[in-house]
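*Asks:* My questions all concern the structure below.
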Amino acid sequence: MTELTLKQADCIIDGALAKARELDTAPMAAIVLDKGGNIIAFKREDGASIMRFNIAQAKAWGSIGMLMSSRKMAEMAEVRPTFVSALGEMSGGKIAPSPGSVLIEDQQGELLGAVGVSGDLPDLDEQCSYAGIASSDCKLRE
């Protein structure tokens with residue numbers, strides 16, 4: 001069984017934050033969770049607001065729980081708002097259906113976890129998540 005390592009998680013986060021600086025975003029926070037939703041690594045840029053940890057974690061946790069990107073969860077919320085609202089209740093408020101989180105899998109397609117980014121507009125958060133994974137030896141699960 002493949003596990004996401006701390007080294008990989010750090011690489012993903014550093015890649016996400018490097019993309020944020022390239023895009024000149026507001027200060028960001030990035031988190032990597034394993035496939036069980038446990039925190040492997042987290043970084044918060046200087047000046048990022050105190051809620052950024054919670055938002056990044058909720059985006060990533062929801063992605064793992066539903067096996068989809070937080071963008072797909074946001075799209076689902078538009079067509080199935082009652083269901084997504086119920087997910088929020090069932091999870092104790094641990095999900096944030098807003099773009100910024102994507103799933104991580106190994107080269108064989110096995111789920112490893114998720115990266116979540118928060119700090120700017122959702123589309124920019126998501127770009128940073130993708131960049132983080134691209135900077136590592138992992139790939140995405142769509």
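The values are calculated or read from the model by the stated rules, or taken from the named source; none is laboratory data. None of these values were measured; they are calculated from a predicted model. As a convention, Cβ positions derive from the backbone with ideal geometry for all residues, glycine included, and neighbour counts pool all protein chains shown.
*Asks:* Could you check how many residues of segment 110-128 are closer than 18 Å to ALA48 by Cα, outside any strand (DSSP E or B), touching a residue at least 40 places away in the same chain (Cβ under 8 Å) and not hydrophobic (A, V, I, L, M, F, W, C)?
*Replies:* The qualifying residues number 6.
*Asks:* Check off (1) in contact (Cβ under 8 Å) with a residue 40 or more places away in the chain; (2) surrounded by fewer than 18 Cβ atoms within 10 Å (Cβ to Cβ); (3) within 23 Å of ASP123 (Cβ to Cβ); (4) not β-branched (Val, Ile, Thr) for GLY65 and give me the number that stays unchecked.
*Replies:* In the conditions (1) in contact (Cβ under 8 Å) with a residue 40 or more places away in the chain; (2) surrounded by fewer than 18 Cβ atoms within 10 Å (Cβ to Cβ); (3) within 23 Å of ASP123 (Cβ to Cβ); (4) not β-branched (Val, Ile, Thr), GLY65 misses (1) alone.
*Asks:* Could you list, in sequence order, all residues of segment 31-52 that are in contact with a helix residue (DSSP H, G or I) (Cβ under 8 Å, 6 or more places away or on another chain) and more than 19 Å from GLY113 (Cβ to Cβ)?
*Replies:* GLU45 - this is the single residue of segment 31-52 that is in contact with a helix residue (DSSP H, G or I) (Cβ under 8 Å, 6 or more places away or on another chain) and more than 19 Å from GLY113 (Cβ to Cβ).
*Asks:* Further, regarding this structure: Given the conditions (1) over 14 Å from GLY113 (Cβ atoms); (2) surrounded by fewer than 20 Cβ atoms within 10 Å (Cβ to Cβ); (3) modelled with pLDDT of 95 or more, report the number of the one that MET28 does not fulfil.
*Replies:* With respect to (1) over 14 Å from GLY113 (Cβ atoms); (2) surrounded by fewer than 20 Cβ atoms within 10 Å (Cβ to Cβ); (3) modelled with pLDDT of 95 or more, MET28 is out only on (2).
*Asks:* Anything in segment 92-109 that is β-branched (Val, Ile, Thr) and either assigned to a loop (DSSP other than H, G, I, E, B) or at positive phi (or both)? List them, or say none.
*Replies:* Correct list: ILE95 only.
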